1. Which of the residues that make up the stretch 78-90 are exposed (fewer than 10 other Cβ atoms within 10 Å of the Cβ) and out of contact with any Ser or Thr (no Cβ under 9 Å at 6 or more places or on another chain)?
2. Search the stretch 6-32 for residues that are without any contact (Cβ under 8 Å) to a residue 12 or more places away in the chain and hydrophobic (A, V, I, L, M, F, W, C) and pair each with any residue that is in a helix (DSSP H, G or I) and surrounded by 11 or more Cβ atoms within 10 Å (Cβ to Cβ) when their beta-carbon atoms are under 6 Å apart and the residues are at least 6 apart or on different chains.
3. Going by the conditions given, is L30 within 19 Å of the chain's Cα centre (by Cα) and surrounded by 10 or more Cβ atoms within 10 Å (Cβ to Cβ)?
4. Working only within the stretch 49-64, note down all residues that are in contact with a strand residue (DSSP E or B) (Cβ under 6 Å, 6 or more places away or on another chain) and either loosely packed, with under 11 Cβ neighbours inside 10 Å or at negative phi (or both).
5. If A46 passes every condition in (1) surrounded by 11 or more Cβ atoms within 10 Å (Cβ to Cβ); (2) outside any helix (DSSP H, G or I); (3) touching a residue at least 24 places away in the same chain (Cβ under 8 Å) but one, which one does it miss?
6. Which of the residues spanning the stretch 38-85 are in contact with a Phe, Trp or Tyr (Cβ under 9 Å, 6 or more places away or on another chain) and among the basic types (K, R)?
Amino acid sequence: MAKAKKARTSMTKSDIIDHLAKKTGQTKVLASQMLDEFVNLAYKEAKRDFTIPGLGKIVVSSRKRRKGRNPQTGEEITIPARKVLQFRFAKQAKDEILPKPKK
């Protein structure tokens with residue numbers, strides 16, 4: 001009887017902490033504190049752009065006011081201007097994750 005393959009899911013916070021602890025030789029508690037502090041720093045600094053070298057940048061973008069439609073009634077509405085967070089991947093990350101096909 002063949003075993004069913006388990007679908008690969010994204011890493012959880014505890015998976016990341018385990019990996020960091022093993023790679024750095026630190027305890028899981030210290031790895032967790034470092035990850036939490038890194039995330040808090042990103043939240044605090046994102047207002048002025050936060051760059052993670054080799055991975056990307058968190059930026060705040062402004063969206064202009066625009067026209068839209070209510071999908072239920074078809075009525076035209078105005079969507080107000082607002083600020084949104086974006087993550088822009090660095091070229092190095094793009095090249096590593098999505099290698100260009102060989103010609």
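1. T78, P80
2. Final answer for the pair search is A21/K28; A21/A31.
3. Spelling it out, it is not the case that L30 is within 19 Å of the chain's Cα centre (by Cα) and surrounded by 10 or more Cβ atoms within 10 Å (Cβ to Cβ).
4. Within the stretch 49-64, F50, T51, K57, I58, V59, V60, S61, S62, R63 qualify.
5. With respect to (1) surrounded by 11 or more Cβ atoms within 10 Å (Cβ to Cβ); (2) outside any helix (DSSP H, G or I); (3) touching a residue at least 24 places away in the same chain (Cβ under 8 Å), A46 is out only on (2).
6. Listed by number, the residues that qualify are K44, K57.
Here, each number is a calculation from the coordinates, and none is a lab measurement. A quick note: this is a predicted structure, and the numbers were derived from the prediction, not measured. All Cβ positions, even for glycine, are placed from backbone atoms using ideal geometry, and neighbour counts span all protein chains on display.
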